[in-house]
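The values are calculated or read from the model by the stated rules, or taken from the named source; none is laboratory data. As the structure is a prediction and not an experimental result, all values here were calculated from the model. As a convention, Cβ positions derive from the backbone with ideal geometry for all residues, glycine included, and neighbour counts pool all protein chains shown.
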There are 2 protein chains.
Amino acid sequence: MEKDHIEDEVVLFGSWSSSICTRVHIALKQKGIPYKYVEENLQNKSQLLLSYNPVHKKVPVLVHKGKPIPESLLILEYIDEFWKDDAPMLLPGDPHHRAKVRFWAKFHDEKMAPNVYKMIFAKGDKDQVGKAVAEFDKLLTVFEQGVQNDFPAMFQSVGEGHQEMGFLEIVAGVKICIYEAVEATVGAVFDTAKHPAFTSWVNALKELPLMKEHLPPHDKLVARIKFVLDQA
Amino acid sequence: MEKDHIEDEVVLFGSWSSSICTRVHIALKQKGIPYKYVEENLQNKSQLLLSYNPVHKKVPVLVHKGKPIPESLLILEYIDEFWKDDAPMLLPGDPHHRAKVRFWAKFHDEKMAPNVYKMIFAKGDKDQVGKAVAEFDKLLTVFEQGVQNDFPAMFQSVGEGHQEMGFLEIVAGVKICIYEAVEATVGAVFDTAKHPAFTSWVNALKELPLMKEHLPPHDKLVARIKFVLDQA
């Protein structure tokens, strides 16, 4: 693929196994933005990807009109800002609600998600897995109560009549939906019975057509996690 | 202080020694937003602060119309969004420029700044300090070249004719200006001769009236760092 680009062209560089890339697919599709997709081999990244994200050398990168934007959260903000007249908006309109959505998205990515990586990379060490599971449960309780407090309708709002995902659903929801694949390799990530509101939200998210279309296939992802662990 | 509030009231909960609180002072002052300031004792935080930021229990928290917004970067975004017609804007208008400013702000906070904490908490262990200084220098080179590439005028733009700070200047600049106090306790954070463009930017930032008004006083901050180290 050449670096030349046509005006207004949107290209996403990603990997099928990366749930942070899934975030970008869903955001673009919801907005109805046509885009090209370039699948990267994470074991042998393209020179083009490295030139677009020389600092972190990671997917996803969105290239719009030849200009690269790395990092999924920054890409979501960009999509909302550039196509600001195209519904649905990912972030709510009210500045205080926006701050709260960003707060919980950050909490998910910086506090909760690292514990799932710890579970995986504990490579079966029961003590380490147990510690990460306990820590995740504590954080999930904070997340569940906090989101319910800030957005009382959010966990009940996904379903038949409401197919669109907002910023927090795309950021946290997509990641959480792939925990099934983690569970297939390390055991339960969290106790669904202890978190009914959160669990029903996740289950409803999994049924959304865009989620079904773009979530990494379960069996393939399980095999991938095992492969990465064998290499680690 | 009571939780009752008057309509439109803006209250900042902060600490004089916290440079992330300085960010918020400067952003509010630049926009011309009147606000009350509540100094928190970080050794004995108020119940009100804990109720406003129960998750992280940290300053700064901005309370506007009785609604709390924690975390300095989220507060800066909020200020720009709520007072969106009040110049100066902290973020540029162009969505791609906004993404790049957020990228470097995040790079500063997540990659560069933690090395300065490592220098401090190495408590004089020369190996550890040396490692953190070397890592900081590597990251600073990336930051300096990256920002110059993305915003060729930025490092030369601060001075007599240009007193306003943008998002990146407020986020990275404020932190970097307090490194003098770090240097007084652990030695040089970085080699100014190796980073002339960056250094002249920092020196120009230090001369801005709002920076002079709100940066923690040098001697007091040095004493504070020594006190925290004695407790650690």
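Please work out which residue is farthest from B:S18 (Cα to Cα), limiting yourself to segment B:43-53 and to residues that are crowded, with 16+ Cβ neighbours inside 10 Å and more than 14 Å from every other protein chain (Cβ to nearest Cβ). Let's see the steps before the verdict.
Initially, segment B:43-53 is screened for residues crowded, with 16+ Cβ neighbours inside 10 Å, giving B:45, B:48-49, B:52-53.
After this cut, where a residue has to be more than 14 Å from every other protein chain (Cβ to nearest Cβ) as well, the list is B:45, B:48-49.
Details: B:K45: 14, B:L48: 19, B:L49: 15 Å.
Result: B:L48.
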Looking at segment B:189-209, can you tell me whether even one residue there is among the basic types (K, R), on the phi < 0 side of the Ramachandran plot, surrounded by fewer than 17 Cβ atoms within 10 Å (Cβ to Cβ) and without any contact (Cβ under 8 Å) to a residue 12 or more places away in the chain? no
Could you check, for segment A:169-180, whether at least one of its residues is assigned to a helix (DSSP H, G or I), buried (at least 21 other Cβ atoms within 10 Å of the Cβ) and touching a Ser or Thr at 6+ places or on another chain (Cβ under 6 Å)? yes
Given the condition without any contact (Cβ under 8 Å) to a residue 12 or more places away in the chain, among the polar types (S, T, N, Q) and either more than 27 Å from A:E110 (Cβ to Cβ) or within 12 Å of another protein chain (Cβ to nearest Cβ) (or both), answer yes or no: does some residue in segment B:115-136 qualify? no
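Based on this model, can you work out whether A:D150 counts as of a type in the set (D, E), more than 9 Å from every other protein chain (Cβ to nearest Cβ) and closer than 24 Å to A:R224 by Cβ?
Values: of a type in the set (D, E): yes; more than 9 Å from every other protein chain (Cβ to nearest Cβ): yes; closer than 24 Å to A:R224 by Cβ: no.
Judged against the criteria, A:D150 is not a match.
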Every residue from segment B:54-65 that is surrounded by fewer than 16 Cβ atoms within 10 Å (Cβ to Cβ) and either under 19 Å from the mean Cα position of the chain (by Cα) or more than 10 Å from chain A (Cβ to nearest Cβ) (or both): B:H56, B:K57
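Restricting segment B:78-102 to residues that are within 7 Å of chain A (Cβ to nearest Cβ) and out of contact with any helix residue (DSSP H, G or I) (no Cβ under 6 Å at 6 or more places or on another chain), which is surrounded by the fewest Cβ atoms within 10 Å (Cβ to Cβ)? Before you say what the answer is, go through the steps one by one.
Taking segment B:78-102 and keeping what is within 7 Å of chain A (Cβ to nearest Cβ), we get B:78, B:81-82, B:95-96, B:98-99, B:102.
Narrowing further to those that are out of contact with any helix residue (DSSP H, G or I) (no Cβ under 6 Å at 6 or more places or on another chain): B:96, B:98.
Numbers: B:H96: 17, B:R98: 21.
Residue satisfying both the conditions and the ranking: B:H96.
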Identify all residues within segment B:20-39 that are buried (at least 20 other Cβ atoms within 10 Å of the Cβ) and touching a helix residue (DSSP H, G or I) at 6+ places or on another chain (Cβ under 6 Å); write none if there are none. B:I20, B:T22, B:R23, B:V24, B:H25, B:I26, B:A27
What do you reckon, is B:D80 closer than 30 Å to A:G66 by Cβ and either of a type in the set (D, E, K, R) or assigned by TED's automatic domain parsing to the domain that holds B:L42 (or both)? yes
Just to be sure, is B:P54 closer than 23 Å to A:M112 by Cα and assigned to a loop (DSSP other than H, G, I, E, B)? yes
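Evaluate the following for A:K45: is it in a loop (DSSP other than H, G, I, E, B), farther than 20 Å from B:H96 by Cβ, charged (D, E, K, R) and not assigned by TED's automatic domain parsing to the domain that holds A:A172? I'd like the intermediate steps shown before the answer.
Numbers: in a loop (DSSP other than H, G, I, E, B): yes; farther than 20 Å from B:H96 by Cβ: yes; charged (D, E, K, R): yes; not assigned by TED's automatic domain parsing to the domain that holds A:A172: yes.
When the stated conditions are applied, A:K45 passes them.
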Being modelled with pLDDT of 95 or more and either aromatic (F, W, Y) or more than 18 Å from the chain's Cα centre (by Cα) (or both) narrows it down to one residue among B:S51, B:S72; which is it? B:S51
For segment A:145-156, pairs from a residue that is assigned by TED's automatic domain parsing to the domain that holds A:E169 and farther than 13 Å from A:K100 by Cα to a residue that is in a helix (DSSP H, G or I) and modelled with pLDDT of 95 or more, with Cβ under 6 Å and 6 or more apart or across chains, are none
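Which residue out of A:F227, A:F198 is more than 19 Å from the chain's Cα centre (by Cα) and in a helix (DSSP H, G or I)? It would help to see each step written out before you state the result.
Details: A:F198 fails: more than 19 Å from the chain's Cα centre (by Cα).
Going through A:F227, A:F198 in turn, just one is more than 19 Å from the chain's Cα centre (by Cα) and in a helix (DSSP H, G or I): A:F227.
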